[in-house]
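Okay, structure first, notes after.
The values are calculated or read from the model by the stated rules, or taken from the named source; none is laboratory data. Here the structure is a predicted model, which means the values were calculated and not measured. Note: accessible area is taken over every heavy atom of the protein model, side chains too, but ligands, DNA and RNA are not part of it. Shrake-Rupley method; radii C 1.70, N 1.55, O 1.52, S 1.80 Å.
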Amino acid sequence: FQVIVEKLVSMLYSLVEETMGKHNLKYAPYIGTLFLSSIFGSLIGMTQVFRSTTADLMVTMAWALITTGLCWYENIRNNGVLGWLKGYTEPVVVMTPMNIISEIAQPVSMAFRHFGNVSGGAVLTSIIYAALAAASSLLFSWLPSAVAAVMPPVLQAGIPAFLSIYFDLFSGFVQAFVFSLLTMVYVGTANPPPEEKSEAVAKDAKE
């Protein structure tokens, strides 16, 4: 068990280093926590007792806003408040409104993508459950009413399980990975490697 956990942690740190750079390894625990929260939040829906936490827009929106906050923090830390605000006017001043809209759209798109995929799968699975129950009742409608009333919804056996494997397991894993990967890309872009920072500073000084 220890070897498996150490291997998973090593894989996490390798992925963060490859995506964000070695200087951003401090974010590996956050990325791991984000991924685990997402995947287990989706998997809990397979119990049919609890609702997937990722099917709640407020949960995914909170994660997306944290990511945006980290991007702002790194931008301000590297460029200062004025440099961060100046970034919205690049490459030309007339692009400022579009840059602001893009900044707002980033967390919104991240939150709705994750929420939409998980909640959509849950709704679709519920509809199929209801349809299979109705089909089971129709299947036994020729039996006496007293017998038909106690017959189990046999058509619900098996089919929903395969749907749950896709929507809760496979799709939940993919969405957790995509959300974590986007977080790494956005934060890594806001905090580039030291050599790139030096080049940017030299370029600004030259201009």
*Take the alpha carbon atoms of region 71-128, find their radius of gyration, then divide it by 2.2 N^0.38 Å using N residues; give the quotient.*
1.71
*Where does region 21-67 land on Rg(C-alpha)/(2.2 N^0.38 Å)?*
1.36
*Measuring with a 1.4 Å probe in the full set of protein chains, what accessible area per residue, in whole Å², belongs to region 54-128?*
56 Å²
*Of all accessible surface on region 1-139 at a 1.4 Å probe, what whole percent is carbon and sulfur?*
73 percent
_Phi-based couplings in Hz for region 52-65 (Karplus 6.51, -1.76, 1.60; Gly and Pro marked x)_ = 4, 5, 6, 7, 9, 4, 5, 5, 5, 5, 4, 4, 5, 5
*Ranked order, Y73, Y88, Y13, Y30 - accessible area, probe 1.4 Å, largest first*: Y73, Y13, Y30, Y88
_region 1-123: equivalent-ellipsoid semi-axes (sqrt of 5 x gyration tensor eigenvalues, Cα, Å)_ = 31, 23, 10
